[in-house]
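To start, the structure itself, in structure tokens.
The values are calculated or read from the model by the stated rules, or taken from the named source; none is laboratory data. Everything numeric in this text was worked out from a predicted model, so none of it was measured. We place every Cβ from the backbone using ideal geometry, glycine too, and count neighbours over all the protein chains shown.
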Amino acid sequence: MYESDFSIPDSMKSSIEVAAQTWESYLNNKDSIYIKFTLENLDNDDIQTDVTYLVQDNMIYPYCLARHNKMISGTTREGFDAVIVINQNTKWDCGFSDKIISSSKNLTSAILRGIATAMGFGASIRERKGNIIDFYIPSKYSVFDNLVISDTNKRLSSMVNNPNLKNFVTSNLYALKIAATYQLYTPNPFEYYSSLRYFKEKGSLMSYGLHTGEKLQQVDSKTIEILKEMGWKPNEPTTIKIIAEGIPDTGITSAYESHYFYFENNTGYPVNEPHWTFELTFNNGEKTILAQSNSSTFTIPALSNTDQYKKNVEGDINGIITLTAVTNGKKVVQMYNLNLEVKPAIYYVSKPIYTYRSSDHAYFADFTVKYGGARYLTVGAEEDYVTGYDVQDIFEPYQTHVRVGPFGDHHDAWVDLTVENQYGKTTQTVELYKLKKISIPGSNTTNLTDFNVKLYDMNGTLVKEYYKSDKVESLYLPKGFYIQKYYNKEECIKTEKIVL
């Protein structure tokens with residue numbers, strides 16, 4: 001379970017949900033892990049994770065691990081096992097298919113790493129004021145600290161109250177095994193949110209550095225091995241594997257075709273009582289079983305009405321194939337995640353905001369577009385009484401800002417927004433209206449000393465506010481219904497309705 005800051009956009013929330021679901025598939029954990037996510041300005045890190053610990057004797061345990069092992073029940077006083085801060089300045093790719101924008105960092109990968117830290121992966125060493133390196137709680141070491149070992153077989157947990165701790169944490173250290181693949185990242189000088197929290201060698205979810213253009217969507221066996229040694233109980237690998245005929249390993253395929261599944265049995269025992277289900281989620285959040293079977297094979301139908309199903313940030317429909325069966329007297333469960341691609345869609349276009357340029361009597365229009373199912377948005381603009389059609393492609397997936405213009409202030413214009421993939425094309429047209437001049441009282445219209453004018457649109461949104469000292473006598477706006485209010489200090493002394 002998690003709670004996110006209100007400022008976190010929906011695209012980021014989708015990445016958080018996918019990362020949480022991915023960890024659920026690896027852990028045999030009936031208890032929830034409570035994490036709070038916030039979006040803030042960070043100087044050096046893409047993600048910062050702060051863990052809440054339980055103190056018991058000489059050790060500290062991540063609160064969620066202590067609850068997992070029945071050492072405690074309930075949550076912390078604050079209600080969270082960890083807080084994960086996302087850097088709002090990082091260029092994030094919020095997708096979770098096999099595609100990624102090369103100049104961005106994948107948020108799902110970053111959240112997967114943050115959740116691992118929340119579960120206790122990484123040493124509890126921190127830097128205090130005055131360049132003092134110490135344990136998170138002085139004189140106490142964490143479960144992970146007890147797994148950290150040097151070239152000379154000296155454990156980090158033995159360095160409690162040791163004056164040489166600062167030198168020790170920047171030496172060659174390993175997690176669980178003295179081997180190159182288990183060596184930890186230990187830079188000098190010490191880096192609070194990085195030192196002893198990641199592997200030095202690449203290739204693991206928990207390797208140091210989330211690189212631009214890199215996408216890690218799975219949890220590797222080395223990370224699982226460390227967590228298991230700490231006390232987590234990961235799901236044992238099943239020897240029954242679901243095979244999707246004609247679908248790549250990414251699970252990405254068309255929603256408009258039927259698909260065939262079967263299982264590979266490597267248990268050495270017969271597989272009995274197979275039961276398949278195909279689950280989708282409606283737009284309202286309710287789940288539905290679209291197909292099921294008790295056969296050794298399974299076929300799911302093509303989707304006839306894709307609009308009714310919830311889409312992920314990339315515009316795909318997430319589906320889950322579940323196989324339950326009995327082998328060697330034990331129940332086994334295997335799941336297969338599908339990303340069903342559909343025709344692209346434009347979900348939202350904001351109301352245009354007009355900007356007037358008096359030097360050439362022209363205007364610009366700005367608006368926000370949310371879309372899915374395509375990697376870019378094509379914008380075509382046409383102006384009344386002007387020959388030509390201007391086209392631009394905007395490579396900002398899922399949500400983008402559009403600016404068009406300049407257009408003559410006495411001309412209407414039309415903007416075509418188009419998204420396209422191999423399944424089809426969707427176009428939505430935005431009509432822009434020529435601007436009209438509205439008079440604003442000038443400095444000589446009143447003898448009042450504290451005089452101002454507020455102009456509102458038909459929705460009650462403040463369009464412009466003018467004070468006597470501004471000396472502005474006109475404003476160019478698109479046609480519509482407006483309300484102009486005149487104030488002396490805080491008192492409204494006059495109201496006008498304006499129709500353009």
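Structure notes:
- Residue 44 being modelled with pLDDT of 90 or more, surrounded by fewer than 22 Cβ atoms within 10 Å (Cβ to Cβ) and not basic (Lys, Arg): no
- Taking the criterion of being farther than 20 Å from residue 16 by Cα and part of a strand (DSSP E or B), the residues of the stretch 312-334 that qualify are 321, 322, 323, 324, 325, 326, 327, 330, 331, 332, 333, 334.
- Leading residue by the ranking (modelled with the highest pLDDT) among those in the stretch 103-128 that are farther than 16 Å from residue 218 by Cα and among the polar types (S, T, N, Q): 124
- Counted residues, the stretch 292-309 - those being surrounded by fewer than 15 Cβ atoms within 10 Å (Cβ to Cβ) and either among the hydrophobic types (A, V, I, L, M, F, W, C) or in a loop (DSSP other than H, G, I, E, B) (or both): 7
- Any hit, the stretch 115-127, residues being more than 30 Å from residue 22 (Cβ to Cβ) and without any contact (Cβ under 8 Å) to a residue 24 or more places away in the chain: no
- Scanning the stretch 131-153 for residues that are without any contact (Cβ under 8 Å) to a residue 24 or more places away in the chain and within 18 Å of residue 226 (Cα to Cα) turns up just one, 145.
- For the stretch 28-46, a residue qualifies if it is touching a strand residue (DSSP E or B) at 6+ places or on another chain (Cβ under 6 Å) and either touching a residue at least 60 places away in the same chain (Cβ under 8 Å) or within 22 Å of residue 370 (Cβ to Cβ) (or both), and the qualifying residues are 35, 37, 39, 46.
- Condition check for residue 314: assigned by TED's automatic domain parsing to the domain that holds residue 263, buried (at least 16 other Cβ atoms within 10 Å of the Cβ), touching a Phe, Trp or Tyr at 6+ places or on another chain (Cβ under 8 Å) and not aromatic (Phe, Trp, Tyr): yes
- Enumeration of residues in the stretch 359-375 that are free of Cβ contacts under 8 Å to residues at least 40 places away in the same chain and touching a strand residue (DSSP E or B) at 6+ places or on another chain (Cβ under 8 Å): 366, 368, 370
- Counting only strands (runs of 3 or more DSSP E) that sit completely within the stretch 419-474, those holding 1 or more residues that are closer than 30 Å to residue 315 by Cβ and at pLDDT 65 or above correspond to 424-432.
- Checking residue 347 against (1) over 30 Å from residue 411 (Cβ atoms); (2) under 28 Å from the mean Cα position of the chain (by Cα); (3) not hydrophobic (A, V, I, L, M, F, W, C), the condition it does not meet: (1)
- Pairs where the first residue, in the stretch 180-195, is closer than 21 Å to residue 47 by Cα and the second is outside any loop (DSSP other than H, G, I, E, B) and of a type in the set (S, T, N, Q), C-beta under 7 Å, 6+ apart: 193/48
Yes/no matrix, rows are residues, columns are (1) at pLDDT 85 or above; (2) outside the structural domain of residue 45 (by TED's automatic domain parsing); (3) surrounded by fewer than 18 Cβ atoms within 10 Å (Cβ to Cβ):
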position	(1), (2), (3)
167	yes, no, yes
180	yes, no, yes
196	yes, no, no
211	no, no, yes
222	yes, no, no
226	yes, no, no
252	yes, yes, yes
257	yes, yes, yes
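- Complete set of residues in the stretch 335-350 that are outside any strand (DSSP E or B) and in contact with a helix residue (DSSP H, G or I) (Cβ under 7 Å, 6 or more places away or on another chain): 342
- Among the residues examined, residue 374 qualifies as assigned to a loop (DSSP other than H, G, I, E, B), at negative phi and surrounded by 16 or more Cβ atoms within 10 Å (Cβ to Cβ).
- Any chance residue 280 is under 29 Å from residue 425 (Cα atoms) and surrounded by 11 or more Cβ atoms within 10 Å (Cβ to Cβ): yes
- Boolean, residue 368 is surrounded by 12 or more Cβ atoms within 10 Å (Cβ to Cβ), under 30 Å from residue 317 (Cα atoms) and among the polar types (S, T, N, Q): yes
- Subset of the stretch 98-154 (residues that are at positive phi and exposed (fewer than 15 other Cβ atoms within 10 Å of the Cβ)): 130, 131, 139, 153
- Residues satisfying the stated conditions in the stretch 482-499, i.e. surrounded by 15 or more Cβ atoms within 10 Å (Cβ to Cβ) and either among the charged types (D, E, K, R) or not in a strand (DSSP E or B) (or both): 485
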